[in-house]
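The values are calculated or read from the model by the stated rules, or taken from the named source; none is laboratory data. The model shown is predicted, which means the values in this text are computed figures rather than measured ones. Methodologically, a virtual Cβ is constructed for each residue, glycine included, from the backbone with ideal geometry; neighbour enumeration extends over all protein chains shown.
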Amino acid sequence: MLSVYEKCPQFENEKYQLKYVTNEDCLDLLKVYSDKKSVPIFNSDNCGGDDFYYTTEQRMNEAIDYWHFEYNRAGFVRWSIFDKNIGSAIGTIELFRRKANDYFTNCGLLRLDLRSDYEQTQEIQRILSIIVPHTFDLFKCDKVATKAIEEATERIQALRHLGFKYTNEKVVGHDGTEYGSYYVLKN
């Protein structure tokens with residue numbers, strides 16, 4: 001089987017399709033990353049100060065180019081999430097296997113960035129159910145973790161429906177900063 005970094009797989013269900021992010025997705029994704037309601041929910045832990053609030057095509061394309069750079073060095077995979085009913089990207093999912101000296105080592109760390117009108121329990125469940133079952137094999141990990149801050153009530157409800165459990169464990173960043181509000185699903 002090819003590594004996820006040799007050939008990025010696509011996934012879909014009746015409503016959504018996950019495809020490797022491309023610069024052609026820029027204008028759709030700009031609507032996500034310039035959405036002031038969405039940005040506070042994004043997980044920017046350990047991202048060097050980037051808050052993922054982008055308001056120009058140039059900045060969005062720079063972010064996509066960086067995501068390609070990380071993919072090419074096997075840092076992480078970023079998929080665009082397409083709503084098949086409207087033919088547009090409405091968010092992204094990032095995944096990578098974390099190697100660290102904390103609870104979250106050998107963990108598939110998942111970041112879900114959605115346009116605010118999709119931040120609904122049922123939609124989040126539909127989207128995550130496409131990728132989460134494949135994560136353990138794709139990234140050779142024994143658990144999947146994702147951040148959900150207290151205000152993200154719809155997201156938390158979706159995660160609980162999918163079997164994720166809140167943990168008091170902290171992700172320890174490159175500089176020793178501790179990050180909380182994580183939910184974990186074990187294989």
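Only residues that are in contact with a helix residue (DSSP H, G or I) (Cβ under 9 Å, 6 or more places away or on another chain), over 18 Å from Asp102 (Cβ atoms) and in contact (Cβ under 8 Å) with a residue 12 or more places away in the chain were counted across the stretch 133-155, and they come to 8. Here Val39 meets the list (1) touching a residue at least 60 places away in the same chain (Cβ under 8 Å); (2) farther than 17 Å from Ile127 by Cβ; (3) not acidic (Asp, Glu) almost entirely, failing just condition (1). Annotation for the stretch 57-77: at least one member residue is in contact with a strand residue (DSSP E or B) (Cβ under 9 Å, 6 or more places away or on another chain), more than 24 Å from Tyr16 (Cβ to Cβ) and exposed (fewer than 15 other Cβ atoms within 10 Å of the Cβ).
Scanning the stretch 1-27 for residues that are touching a Leu at 6+ places or on another chain (Cβ under 9 Å), surrounded by fewer than 17 Cβ atoms within 10 Å (Cβ to Cβ) and assigned to a loop (DSSP other than H, G, I, E, B) returns Ser3, Pro9, Gln10.
Among residues of the stretch 1-22 that are within 21 Å of Met60 (Cβ to Cβ), those with a beta-carbon under 6 Å from a residue that is in a loop (DSSP other than H, G, I, E, B) at least six positions away or on a different chain give the pairs Gln17/Lys84; Lys19/Gln10; Tyr20/Cys8. Given the criteria free of Cβ contacts under 8 Å to residues at least 40 places away in the same chain, in contact with a strand residue (DSSP E or B) (Cβ under 6 Å, 6 or more places away or on another chain) and surrounded by fewer than 21 Cβ atoms within 10 Å (Cβ to Cβ), does Gly180 qualify? It is false that Gly180 is free of Cβ contacts under 8 Å to residues at least 40 places away in the same chain, in contact with a strand residue (DSSP E or B) (Cβ under 6 Å, 6 or more places away or on another chain) and surrounded by fewer than 21 Cβ atoms within 10 Å (Cβ to Cβ).
Got at least one residue in the stretch 128-136 being in a strand (DSSP E or B), buried (at least 19 other Cβ atoms within 10 Å of the Cβ) and at negative phi?
No - not one qualifying residue is present in the stretch 128-136.
Checked against (1) under 16 Å from the mean Cα position of the chain (by Cα); (2) surrounded by fewer than 19 Cβ atoms within 10 Å (Cβ to Cβ); (3) closer than 20 Å to Leu18 by Cβ, Ile149 passes all but condition (3). All told, Ser181 falls short of being under 14 Å from the mean Cα position of the chain (by Cα) and at pLDDT 95 or above.
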